[in-house]
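Okay, structure first, notes after.
Read-outs throughout are calculated quantities, based only on the coordinates presented, and are distinct from any laboratory measurement. Remember, it's a predicted structure, so these values are computed and weren't measured experimentally. Quick reminder, even Gly has a Cβ in these numbers, built from the backbone with ideal geometry, and neighbours come from all protein chains shown.
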Amino acid sequence: MSLYFDSKVQSPDLGCININLEWHETHPLLAVSSYSQDRGGFVTIYDELGEPLPDVLWPQHPVAQVTALAWHPTKKLLVTGWENGELRVWAGDPEFISVQSVHQTPITILQWSTLGGRLVSGDAAGSLVGSKVDSRGHILTVFHHELKEPLTHIAFRQNAKHTTQGLDMNGLAKAAVAGDELALDLFSGWRPRTAGQRFSLHSGQGDNLCFYIGAISGGLFYFTEEGTCTEVLNTEGVPLKKILYHEHKDDLIVMTEDLNVGQFQVNHSGKVTETMKVKLTGRSQDASMVWAGPGLLAVITGDLSVRFWDLDTGESYLLDAEPVNSALAASDSSAGASNLPTEVFTSLSFCAQKGILSAGTNVGSIVMWRFIVGDLNGGDGLKTGRSRSPVSTDPAQNWLREPPCNVRGAVKHIAWSRSHPLLAVNTITSVYVLREQELCAHYSKLVSAVQVSPSQLVVEVELKEDRGKCHTLELSTDLQVKGVAVTTDHVALWSSKTLVVYQLITEGLVEDARIMSKTVGSFSCEVESALIHDQSLLVLEEDGSAIEVRTFQGTIKQMLPTSDIEGRPIGIQLCGSFLTVATAAGWIKIWDLSRREAKQHLSPKNLEDAIDDFGEIIMATCNSNGTKVSITVAKSNFLPDPKLFLWDIESDNLQYFNLASGKLDIHDVEDTEHHPVDEEQLAANSTDEQSVVMHTPRISSGTTSQDVSGRFALSHQWDEEEPRLLVCEAKLLPRSGSSRISMPQPEPNSGMFSSRRASSSTMTMIVASDSDDNSKGAEVVLVTFFATPDSEQLLLQDVTSLQSGKHSRFLAVHTPYYVVLCKHSQQQGSKTLSGIVERLIMRDFEGLQNCDKPTRDAVLDFSYNLSIGNMDEAFRAIKTIRSEAVWESLARMCVKTKRLDVAFVCLGHMKHARGAMALREAMKEPELEARVAMLAVQLGLLVSCI
């Protein structure tokens with residue numbers, strides 16, 4: 001569930017027109033060239049929020065415009081070309097520096113090679129210069145050519161990236177290491193934090209300094225690395241519209257002004273041979289062409305459709321978009337006042353990391369399609385093929401249209417950043433930056449806060465006296481909210497640069513109470529994550545080396561540092577009074593916050609030494625009494641490990657429950673790393689009850705640890721008050737056509753920074769069966785565990801399915817509820833904003849939502865001791881209970897656990913004589929299921945007895 005936050009760039013001249021814009025490849029920096037009557041031509045560099053970089057003197061010229069912009073692929077180096085032929089360079093200094101230039105006419109071409117080894121500049125008179133940057137940052141001329149006609153287009157030749165047929169999990173792992181969001185979306189919303197420290201973005205790819213130049217007359221010239229020029233194509237006077245180079249093949253794509261698109265094969269000397277040609281219809285002035293995947297062209301030609309052409313297969317298809325303003329046009333037309341122009345696409349851009357194709361229109365709409373890796377029916381099936389697209393007879397069905405965005409004015413140009421989820425939109429009079437962000441949400445101590453718009457949140461305060469009922473507050477702020485944290489009576493929220501704290505105030509009686517808010521603190525801080533404990537803020541700043549303990553007004557009270565060996569903090573979690581800190585080097589540190597000053601809780605743990613093939617900590621959190629820590633990690637290939645680890649702090653022992661095989665580590669004999677387990681074998685095991693009991697505890701009728709197999713952990717949370725209760729949100733592993741998915745670790749390049757961790761040759765994950773029941777077939781389930789105090793193992797207690805169309809993600813567990821965030825579509829259409837957070841009652845507490853704490857603790861003790869088979873302690877836990885409702889709930893639990901001996905006791909306390917007699921008669925039946933069915937009938941649980 002995500003939103004697009006739009007920020008209008010803060011131009012130094014509000015009356016200017018914006019000519020061009022260009023993103024840096026690796027940094028969230030946007031260069032915009034503009035022109036105004038007062039300033040003339042000038043260029044401005046903005047950050048991701050649309051604010052100009054501070055302390056930079058922007059270059060300007062009274063009459064000449066900026067005609068070209070070019071960022072170096074890796075360095076913070078911007079080259080600007082001007083209408084008078086000047087070249088000016090910004091290298092991070094306060095001022096731009098003029099570079100000696102042979103150009104005397106407007107710069108029409110300015111582009112770096114893939115890795116920045118060559119800069120090519122060309123002008124309207126046909127002068128072409130190849131340059132390079134020396135070790136001191138100076139731009140030096142390598143060659144100079146005079147082609148005697150205006151130069152219009154350039155495409156650098158690229159070293160082909162070869163792909164393999166079949167399910168390319170090796171490529172998927174490589175993509176994950178490189179931060180490819182489309183690859184990681186197969187698994188979860190987690191993104192690696194340390195991959196960039198050990199792997200180069202362009203690892204294994206050399207820079208190709210050869211390029212093609214297009215001239216206004218339709219001539220196409222090939223230049224070698226040394227600057228040798230050869231004419232390779234002539235369109236006989238038809239101007240070129242666009243040229244692109246295939247990154248996976250030696251193919252050149254050429255579009256002309258008459259909308260002919262040709263595919264040309266390139267030989268080693270740069271000469272081209274036409275292999276395919278198509279003629280398009282439409283308006284040439286609005287035509288555009290971009291890559292929308294490996295070998296997949298997306299083309300617009302002046303209407304509301306996008307044409308796709310797969311160059312490898314020859315397949316083509318069409319995406320049509322209904323006019324975004326159709327409803328408005330219809331209403332105006334009925335009134336006879338429709339003067340709206342016909343809506344057409346004017347610009348196209350593709351975000352490879354997110355798999356999003358965006359198209360801007362002449363009425364200010366931005367239409368987006370997301371490429372779906374899994375099938376549209378909720379599965380995760382992958383088609384065997386180079387593009388990892390899903391099986392579908394109609395490839396257009398693989399593009400899912402998302403809600404459009406709107407800006408004021410006609411869209412001239414849109415451009416995605418290659419390294420960040422940022423989309424720049426130029427409407428000539430304004431430039432907007434659209435930033436995609438997941439909706440933030442947090443729950444703690446009966447209070448939840450959920451973001452519903454860029455600057456609005458809904459806060460719900462649950463009543464202690466009547467659990468499940470809430471008072472709601474709509475909290476509006478001037479910030480574009482990036483994150484939120486709550487506690488009993490405070491809400492903290494932050495943007496990229498500011499953190500604000502609100503106090504929650506309850507006015508009125510319980511039934512008619514209203515929740516109000518007031519600001520109690522605000523300060524500047526680049527927050528990555530923050531939490532609230534009592535009257536203190538726990539702040540992790542971006543690239544910070546310590547956790548800051550601050551007052552609500554921003555004063556730092558204490559620093560919780562990490563050493564150089566441990567690495568910088570990358571994640572924090574709070575449960576009770578214990579703060580868990582995960583570091584980039586794989587360490588876990590726990591701080592006890594119960595005293596006036598935070599104190600380190602025992603010794604830190606190095607997971608790199610404890611876990612084979614360790615890559616990075618995804619999430620680590622301590623329970624409420626500081627005795628155990630649950631952990632999920634990624635392998636060295638940065639794909640999630642399906643194991644849920646449990647660290648017993650006192651014994652310093654690390655165990656795990658394998659969600660892929662559904663087994664504890666001591667029984668996980670079919671190691672999923674080296675011994676793949678077929679689905680058929682899993683099915684056979686799940687039907688053999690005795691085999692299951694030997695390996696893992698059976699928790700209910702038809703529900704065993706095998707019901708969670710074929711999954712991995714999305715998140716995990718401890719109960720805020722019960723230190724034994726752990727809940728894990730588990731998702732089905734991606735499916736393939738076979739029963740196993742092997743994920744080989746990419747071998748590091750010899751020239752690349754080597755990994756400090758052992759690499760896995762193959763990571764084999766078990767795939768969920770298609771013949772699963774409700775819980776096993778559900779895409780996401782909540783798996784409840786008991787962590788035994790006297791051992792380091794996890795006891796599987798229950799499995800609860802989440803509705804894929806309704807629930808977004810798991811927030812917290814607070815007995816007797818699971819707290820779950822609902823999807824945005826479930827909130828639309830409601831008159832109020834309540835119900836965004838749903839509280840799902842635990843099965844053991846059905847009918848006991850409002851029981852007091854002693855009863856709640858007794859039910860938990862009973863359920864725990866029943867799970868471990870300690871009947872004496874189970875009965876001792878509930879012997880003081882007098883409520884018949886509680887005994888009835890315990891009797892229902894006996895249906896799930898098939899403990900008929902306990903059921904007799906429950907029926908007795910319920911004074912259910914008829915039920916006890918019927919159960920006694922049923923005990924003569926030889927089948928256990930028949931005896932349990934009779935108990936279910938007597939309790940009115942007719943579904944359970946079927």
Taking r as the C-beta separation of T342 and E541 and R0 as 56 Å, the FRET efficiency to the nearest 0.05 is 0.65
From the alpha carbon gyration tensor of region 1-146, can you work out the equivalent ellipsoid semi-axes (sqrt of 5 times each eigenvalue) and give them in Å, largest to smallest?
25, 19, 13
Please work out how much length the chain gains when fully extended from M871 to D320, using 0.36 nm per residue of separation minus the C-alpha to C-alpha distance, in nm with one decimal.
191.8 nm
Pop out the ³J(HN,Hα) list for region 713-727 in order, Karplus 6.51 cos²θ - 1.76 cosθ + 1.60 with θ = phi - 60°, rounded to Hz; leave Gly and Pro as x.
8, 8, 7, 7, 9, 8, 4, 5, 10, 9, x, 8, 9, 10, 10
With r defined as the distance between the Cβ atoms of N606 and K76 and R0 fixed at 41 Å, what FRET efficiency is calculated, to the nearest 0.05?
0.70
In terms of modelled amide H atoms, which long-range or inter-chain residues lie less than 5 Å from the amide H of S636?
G615, S760
Taking the reciprocal of mean 1/r across every pair of different Cα atoms in region 439-524, the Kirkwood radius in Å is 13.0 Å
Starting from 0.36 nm per residue, how many nanometres of slack lie between D286 and D790 once their C-alpha separation is accounted for?
174.4 nm
Residue by residue through region 795-804, the couplings from Karplus 6.51 cos²θ - 1.76 cosθ + 1.60 with θ = phi - 60°, in Hz, x for Gly and Pro, are 9, 6, 10, 6, 9, 10, 7, 9, 7, 4
Cα-based convex hull, region 547-626, per residue volume (Å³, whole number):
99 Å³
For K924, counting only lysines whose alpha-carbon sits under 18 Å away and dropping same-chain residues fewer than eight positions off, the answer is K898
³J(HN,Hα) computed for each position of region 638-655 - Karplus, 6.51 cos²θ - 1.76 cosθ + 1.60, integer Hz, glycine/proline x:
6, 9, x, 6, x, 8, 9, 8, 10, 9, 7, 5, 5, 8, 6, 10, 10, 10
For region 844-944, what is the charge dipole size about the Cα centre, in debye to the nearest 20, if Lys and Arg each add +1 at the Cβ and Asp and Glu each add -1 at the Cβ?
200 debye
For region 844-944, just the Cα atoms, rotate onto the principal axes and tell me the three extents in Å, largest first.
38, 25, 22
Ranked output for segments 570-578, 552-560 by mean other Cβ atoms within 10 Å, highest leading, reads 570-578, 552-560
Of K589/K643; K605/K635; K482/K518; K628/K806; K482/K599; K464/K823, which pairs sit farther than 23 Å apart, going by alpha carbon to alpha carbon?
K628/K806; K482/K599; K464/K823
How many nm is it between the label spots at H144 and V278, if each spot is 7 Å from the Cα in line with the beta carbon?
4.4 nm
